[in-house]
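Working notes, structure below.
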């Protein structure tokens, strides 16, 4: 945060000089790290040997700092810190060393190969990340009490996102949400944007119908109207898709999901490029959105992540690329089996060539750095999530679902263990029949997240369930 230092004492200014030296050292380390490959970043992040020796007793793994606040050397150091003039952990609701290491790892992974400067802020959950990302745009731009605002979103989103947008924002606060169902049609998006629109929001691939669209075209459309594109890329992770590279301004993830494949940590993250596009007159917010959010609204609202959960996410991220390769290959095998099954009426998986969104997904979903081992040609991978519809309706789907003996029945996804749910009675139950119909979440749809098991064993369990209809 910039400030006029003339108002501060000599002692405070001395601490500011020390802080600037630390920031310069970090920038040097970032420049070195940006030359590293994706796997190296996911193993190390910004936690360097210097960090280990200087600050963490030589610990090779990022320590979990279970402390709410930081002790300061003197009053000048405290004043400089609480004015945001120097790096500080002041209070865990704002910053903590462990969450700091996670934020920088995720910022580096999302920015990998883009040439962009990125910053991140982690949150207590994926829903908190969405709230933190969209709240700053829902503000008055004038003193006119009749001023209106709206935002445009795909209706093919996680059920919790639908509730936050339709109930907490639209119904409770009067922030109009304009839903798009035909997300492949850029004209359908354009028809819903006007001078009062504050942002465009899309989930790629979507949960549970695996929707997709032309990301770059959507970013161009949003920017033509002077508004940001926000993308939920939870299912893909930076190992398969980095939306900032294609024009998105802000990316959100539920790191509780695919990134934390163990299922042991809950959290979310917001990653933003520098100099986002927005029609909100706030230069500091525009210049470094994630940092501005962290120091101001995030500080005041308090959706902070638990440091223990941050350690769990960090640990699971070490092998993100190889895990996404494994579960994607497993999912492709399972999807092909289901597509050929006589008791299945439809399979939604972007890796199937007859999927209407396959061609556009193929342009974007590529295993990061796969070209290094494939003669310079990137390898497409389509992730771990699919849905399939059982012939015979909702009751038939329930019988299949109840027949699983290895695939876990749960609302979770992104696990190293295969998990399934029926969204109409679970994750999307509360949004009602009309909204489920708009989003094509049918009663006979089973969402399947394929894990790290051998695909033949997953198929055998699916067959056990399908024999019940």
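The values are calculated or read from the model by the stated rules, or taken from the named source; none is laboratory data. Model, not experiment: these values are computed from the prediction. Neighbour counts run over all protein chains shown; Cβ positions are idealised from the backbone, glycine included.
If I filter the range 250-267 for residues that are in a loop (DSSP other than H, G, I, E, B) and more than 19 Å from residue 415 (Cβ to Cβ), do I get at least one hit? Scanning the range 250-267 turns up no residue that is in a loop (DSSP other than H, G, I, E, B) and more than 19 Å from residue 415 (Cβ to Cβ).
Return yes when residue 50 is without any contact (Cβ under 8 Å) to a residue 60 or more places away in the chain, out of contact with any helix residue (DSSP H, G or I) (no Cβ under 7 Å at 6 or more places or on another chain), under 26 Å from residue 309 (Cα atoms) and assigned to a helix (DSSP H, G or I) and no when it is not. Yes: the conditions hold for residue 50. With respect to the conditions (1) part of a helix (DSSP H, G or I); (2) farther than 18 Å from residue 239 by Cβ, residue 362 falls short on a single one, namely (2).
Let's see how each residue does on (1) surrounded by 15 or more Cβ atoms within 10 Å (Cβ to Cβ); (2) at negative phi:
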| site | (1), (2) |
| --- | --- |
| 350 | yes, yes |
| 354 | no, yes |
| 359 | no, yes |
| 365 | yes, yes |
| 368 | yes, yes |
| 377 | no, yes |
| 383 | yes, no |
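When residue 94 is tested against (1) part of a loop (DSSP other than H, G, I, E, B); (2) free of Cβ contacts under 8 Å to residues at least 40 places away in the same chain, only condition (2) is not met. Across the range 97-116, which residue is surrounded by the most Cβ atoms within 10 Å (Cβ to Cβ) among those that are assigned to a loop (DSSP other than H, G, I, E, B) and in contact with a helix residue (DSSP H, G or I) (Cβ under 7 Å, 6 or more places away or on another chain)? So, considering only residues that are assigned to a loop (DSSP other than H, G, I, E, B) and in contact with a helix residue (DSSP H, G or I) (Cβ under 7 Å, 6 or more places away or on another chain), the one surrounded by the most Cβ atoms within 10 Å (Cβ to Cβ) is 112. Of the residues 125, 206, the single one that is in contact (Cβ under 8 Å) with a residue 40 or more places away in the chain and farther than 20 Å from residue 249 by Cα is 125.
For the range 391-403, the set of residues classified as assigned to a helix (DSSP H, G or I) and surrounded by fewer than 18 Cβ atoms within 10 Å (Cβ to Cβ) consists of 394, 395, 399, 402, listed by residue number. When restricted to residues that are under 17 Å from the mean Cα position of the chain (by Cα) and closer than 17 Å to residue 91 by Cβ, the range 299-317 contains 4. All told, residue 244 meets the bar of being within 24 Å of residue 294 (Cα to Cα), touching a helix residue (DSSP H, G or I) at 6+ places or on another chain (Cβ under 8 Å), part of a helix (DSSP H, G or I) and assigned by TED's automatic domain parsing to the domain that holds residue 120.
Selection within the range 246-278: residues that are in contact with a strand residue (DSSP E or B) (Cβ under 7 Å, 6 or more places away or on another chain) and over 17 Å from residue 123 (Cβ atoms). The member of this set that is surrounded by the fewest Cβ atoms within 10 Å (Cβ to Cβ) is 274.
I'd like the residue in the range 312-329 that is touching a helix residue (DSSP H, G or I) at 6+ places or on another chain (Cβ under 9 Å) and buried (at least 21 other Cβ atoms within 10 Å of the Cβ) and, out of all such residues, is nearest to residue 102 (Cα to Cα). Taking the candidates together, the pick is 314. Residues in the range 408-442 that are at positive phi, without any contact (Cβ under 8 Å) to a residue 12 or more places away in the chain and touching a strand residue (DSSP E or B) at 6+ places or on another chain (Cβ under 9 Å): there are none.
Within the range 154-167, the set of residues being over 16 Å from residue 229 (Cβ atoms) and either in contact (Cβ under 8 Å) with a residue 24 or more places away in the chain or part of a loop (DSSP other than H, G, I, E, B) (or both) comprises 155, 158, 159, 160, 162, 163, 164, 166. May I ask you to verify whether residue 422 is crowded, with 21+ Cβ neighbours inside 10 Å, at pLDDT 90 or above, outside the structural domain of residue 158 (by TED's automatic domain parsing) and within 19 Å of residue 262 (Cβ to Cβ)? No: the conditions fail for residue 422. Within the range 205-232, being under 15 Å from the mean Cα position of the chain (by Cα) and within 23 Å of residue 388 (Cβ to Cβ) holds for 205, 206, 207, 232.
So that you can scan it fast, the table gives a plain yes or no per residue for (1) part of a strand (DSSP E or B); (2) closer than 19 Å to residue 239 by Cα:
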{"position": "383", "(1), (2)": "no, yes"}
{"position": "389", "(1), (2)": "yes, no"}
{"position": "413", "(1), (2)": "no, yes"}
{"position": "437", "(1), (2)": "no, no"}
{"position": "447", "(1), (2)": "yes, no"}
{"position": "453", "(1), (2)": "no, no"}
{"position": "460", "(1), (2)": "no, no"}
